[in-house]
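The values are calculated or read from the model by the stated rules, or taken from the named source; none is laboratory data. This structure is a prediction, so every number in the text was calculated from the model and none was measured. Cβ coordinates were reconstructed from backbone atoms using ideal geometry, including for glycine residues, and neighbour counts include every protein chain displayed. For accessibility, only protein heavy atoms count, side chains too; no ligands or nucleic acids. Shrake-Rupley method; radii C 1.70, N 1.55, O 1.52, S 1.80 Å.
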Amino acid sequence: GSVIGTSNEGNDYGVYCNVEAGSGKCGGNRGWTDSSDERLKKDIKTVDNALEKVLNLRGVSFYWKSDAKNEDPNLGLIAQEVLPIVPEVISKNAEGYYTIEQSQLVALLINAIKEQQSQIERQEQYIRSQQWKLNELEDRIGEIEEK
C-alpha cells in the first residue's frame, strides 16, 4: 500500500494509508496530536449545555456507498444531523460534502460527563436526605407502637 511518514525501523509506520484493494483505511501506531497550548488560544469559554447536546446526537452504524463489498460496518455520526447541534465541528469540503472534525467532540463529551456527574451527586445527596427522613419516621412509628 501507499505509506506516508514511515520511520527508519522497517514497518514501524507513524502514519499509513493503505489504498490497495480499495480499503482506503488509514491509521498509524502513534497518537494523533492537536495543538492545544493555551498561549495559542483566545476568547476561551467553557462549553455549556454539553450533556443536552450529546443527548441530541445520534450515533449510527452504516456502510459506505463506495464499499461494494459492505463487509465492515462503520460507526459514526451524520454531519447534517450534527450541524444544528454542534456547528463548530462541521465543515464542507471542496466537493460540497460535509465533514466532521470528530476530535473536537472530546471537549463536549468531557463536559457532558461532568454535568452528568453533578446530577448524580445532587441525586445522591437527595437520596441521603430522604433516607434520613425515612429513618426518623421509622423511629417515630416505633416509639408510637411501643406506647
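Of note:
- Looking across segment 95-114 at every residue that is assigned to a helix (DSSP H, G or I) and open to solvent by less than 60 Å² (accessible area, probe 1.4 Å), the one that is nearest to residue 83 (Cα to Cα) is identified as 105.
- Just so you know, in segment 33-91 the residues that are farther than 22 Å from residue 116 by Cβ, open to solvent by 100 Å² or more (accessible area, probe 1.4 Å) and not in a loop (DSSP other than H, G, I, E, B) include one that is modelled with the highest pLDDT, and it is 80.
- Every residue from segment 120-147 that is among the basic types (Lys, Arg) and in a helix (DSSP H, G or I): 122, 128, 133, 140
- In segment 23-52, the residues that are over 16 Å from residue 89 (Cα atoms) reach residues that are modelled with pLDDT of 95 or more and open to solvent by 80 Å² or more (accessible area, probe 1.4 Å) with C-beta atoms within less than 6 angstrom, at least six apart or across chains, in these pairs: 51/116.
- Residue that is surrounded by the most Cβ atoms within 10 Å (Cβ to Cβ), among those in segment 1-32 that are aliphatic (A, V, I, L, M) and modelled with pLDDT under 60: 3
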